[in-house]
1. Any idea what diffusion coefficient the range 32-78 gets from Stokes-Einstein, in µm²/s, Kirkwood Rh on alpha carbon pairs, 10 °C, 1.306 mPa s?
2. Suppose we look only past 15 Å in the calculated P(r) of the range 115-190. What percent of the Cα-Cα pairs does that tail hold?
3. Relative to the longest principal Cα axis of the chain, at what angle does helix 167-176 sit, 0 to 90 degrees, rounded to 10?
4. Given N residues in the range 10-218, what is its alpha carbon radius of gyration divided by 2.2 N^0.38 Å?
5. Under unit Cβ charges (Lys, Arg +1; Asp, Glu -1), what dipole magnitude, rounded to 20 debye, does the chain have relative to its Cα centre?
6. Run the numbers on the chain and let me know its relative contact order in percent, using alpha-carbon pairs under 8 Å that are six or more apart.
7. Out of the range 124-190, which GluC sites (Glu not before Pro) are coil in DSSP terms and have no more than 11 other C-beta atoms within 10 Å?
8. What is the range 151-218 by shape, rounded, prolate or oblate, if you read a ≥ b ≥ c off the alpha carbon gyration tensor as root eigenvalues and call it rounded for a/c under 1.5, prolate for a/b larger than b/c, and oblate otherwise?
Amino acid sequence: MLDEQKKQRILVVTSVAAERDAVMQGLGEDARFTVAVGGVGPASAAASTARALAKVQYDLVVCAGICGGFVGRTEVGSIAVASEIVCADLGAETPDGFCSVDELGFGSARVPVAGELAERVERAMQKAGLPVGRGPILTLSTVTGTAETAQALADRMPEALAEAMEGYGVAVAAHAAGVPVLEIRTVSNAIGPRDKSAWRIKDALEALRKGSSVLREVL
Ligand SMILES: O=C(O)c1cccc(C(=O)CC[C@H]2O[C@@H](n3cnc4c(=O)[nH]cnc43)[C@H](O)[C@@H]2O)c1
């Protein structure tokens, strides 16, 4: 539990309806949770999250959905819990490589998560027998789609577990409102050459359902 003294309100933001439905099935009937579809990409996710936070005082925001996993770091069907939310394409390309906004001196592409809570979520999922790992989850506006880009991203972000398209937007909105944030993803595909027919969306949505059921017990 977050704080057993008072009833907590938790906002879960997914990108599409299929993810919302999987999360809601896992959470069951629990009035503490509101599950919203925020749209695809960081801008829609940020705007949707900010709108929800302006209406209701939430105690925690969770970005949830499916994702691509880095080969050798996580498996399709497994769960990634963010230790940090990183916008991997916010910066400048230079002849010497990518330069993040942090290096440029224009703010930060990294948003911290509620670290202790993220650890508790990971432990509870392990205890429930679910395949889970914790590490940075990247946000990109463009899904990685070639072996070359995947390798370059893996080299530049050696700790990263997964990539998706909304976490940073949700996290920036939550951070601006002073609300702690988590990102929890389930891996539908390996990051690499685009082949949508190889995406295991059904498996990832089932993992999202199971993970959400554990989430309900932890929060
Ligand atoms: O086609 C369907 O049935 C379906 C059901 C649920 C979700 C989808 C999506 O396409 C969700 C898009 C969402 O997924 C994230 N995602 C998944 N894999 C990756 C990836 O390799 N790189 C980046 N993002 C990924 C992303 O957050 C999208 O918003 C379809």
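1. Details: Rh = 12.8 Å.
Translational D for this selection: 125 µm²/s.
2. 63
3. That works out to roughly 60 degrees.
4. Ratio of Rg to 2.2 N^0.38 Å for the range 10-218: 0.95.
5. Numbers: 22 positive and 27 negative charges, 161 e Å.
Here the chain has a charge dipole of around 780 debye.
6. Reported relative contact order: 33 percent.
7. Details: sites: Glu148, Glu159, Glu163, Glu166, Glu183; in loops: Glu159, Glu166.
Listed in order of number, the matching sites are Glu159.
8. Numbers: a/c = 2.26, a/b = 1.20, b/c = 1.89.
It comes out oblate by the Cα gyration axes.
Quick note: the coordinates plus some simple rules give every number you see, no bench work behind them. These figures come from a predicted structure and were not determined experimentally. FYI the Cβ positions are ideal-geometry reconstructions off the backbone, even for glycines, and counts take in every protein chain you see.
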